[in-house]
1. Could you tell me the largest-minus-smallest coordinate of the C-alpha atoms of region 273-337 on each of the three principal axes, in descending order and whole angstroms?
2. What ranking do Glu74, Glu336 get, fewest neighbouring Cβ atoms within 10 angstrom at the top?
3. What value does region 1-50 have for Rg/Rh, both radii from Cα atoms and Rh as Kirkwood defines it?
4. Please give the direction-averaged projected area of the C-alpha convex hull for region 1-103, in square nanometres with one decimal.
5. Share of Cα-Cα pairs in region 189-233 beyond 11 Å, in percent?
6. Give me D for region 191-342 in µm² s⁻¹, whole number, from Stokes-Einstein with Rh from the Kirkwood sum over alpha-carbon pairs, 37 °C and 0.692 mPa s.
7. Taking the 0 to 90 degree range and rounding to the nearest ten, how far is the long axis of helix 240-255 tilted relative to the main principal axis of the chain, both from C-alpha atoms?
8. Using Cα pairs closer than 8 Å and at least 6 residues apart in sequence, work out the relative contact order for the chain, in percent.
Amino acid sequence: MKKTVLVSGGAGFIGSHVTVELLESGYEVVVADNFSNCDTTCFEGVKKITGRDDLPLVRMDFCDPAAVDRLFGEYDIDAVIHFAAFKAVGESVEKPVMYYKNNLESFLNVLEAAENHGGCNVLFSSSATVYGEPDQVPVTEQSPRKPATSPYGNTKQMCEDILRDAVKASKGLLKGILLRYFNPIGAHPSALIGELPRGVPNNLVPFITQTAIGRRECLSIFGNDYPTPDGTCLRDYIDIVDLAKAHVCAVSRMLDGKMKADCEVFNIGTGRPVSVLELVNAFEKVNKVKLNYRFAPRRAGDVTAIWADPSLANREMGWKAERSVEDTLAAAWAWEKHLAGK
Ligand code: UDP
């Protein structure tokens, strides 16, 4: 019997890539999404890539406890991967109540329903943002978490703590894995799914691709006076398909009884620092396009440098980031061109 994985927020950027990898690894997937921050483009893309025209899609809001409970009653769910959350840092500063309400309630509803239906394996999508401005790089899972600088970041820390406590108190009913993502970028090699930001992109790579295609005038590089080799910030850009594969490894670790503790945490990154300027140069070179950019003042809340020590995930989950930055940027560009119908 195939094991079933519920993917909350499964129609979004990360969720759709994870759904593809799960299906291709022999899992059954139930996608659930309220489409508050995406349309059906990626869900349709997933069906095309996998040939699964019958892929179950549940339109629902995870803030509705009765709907979440019904879902767990309707499907025999072996594991849940929880993506359904708001994710714009700046917006979270302006609308903290909305962020706390949505991101906490939806996760609490998942945990409550999981407990009510006999327990579950829960994978929570966390973020390197929990490390704040690190004292030392690369960061390991033991590096201290720093006070969050935005309500968004705080919801990630709070959900991490909630899952840990819930697992501890559940007497074995719940198991948890926290994956801390670094900077997911790129798109599926088919160019049928990718990042689809609404409005002006906050993240670097969508801003780059939209500038290259002519939807944006000019990329602003936020700060070139940081204490780094070229003055721009250093990040760990992780290919979205590599990142998606980490979820398959984590799910099988949970389902195959390979966990060494009831709640585990893994960094999901490459271990390779890349500066904003290096990324821009690599994009121009691999895609043979000229990018209009200028240096602009630093963006509030940005940390100077952060990248992962991914050795725990490499060793324990047998997972490793494989794609080069160049291949990833080529995929991101192919996706932008696909969107533009070129
Ligand atoms: N960045 C930039 N211009 C942009 C968007 C981002 O220079 O239009 C920089 C940002 O200052 C940071 C890096 O790109 O140093 C990655 O930012 P992003 O928002 O993609 O991810 P973050 O690391 O903030 O989660």
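Each value in this text was obtained by applying a stated rule to the coordinates, not by laboratory testing. Note that the structure is predicted; figures quoted are calculated from it, not measured. Cβ atoms come from the backbone with ideal geometry, glycine included; neighbour counts cover every protein chain shown.
1. 42, 31, 16
2. Glu74, Glu336
3. Radius of gyration relative to Kirkwood radius: 0.95.
4. The orientation-averaged projected area of the Cα hull of region 1-103 comes to 6.7 nm².
5. Of all Cα-Cα distances in region 189-233, 71 percent exceed 11 Å.
6. 193 µm²/s
7. Around 20 degrees separate the two axes.
8. 19 percent
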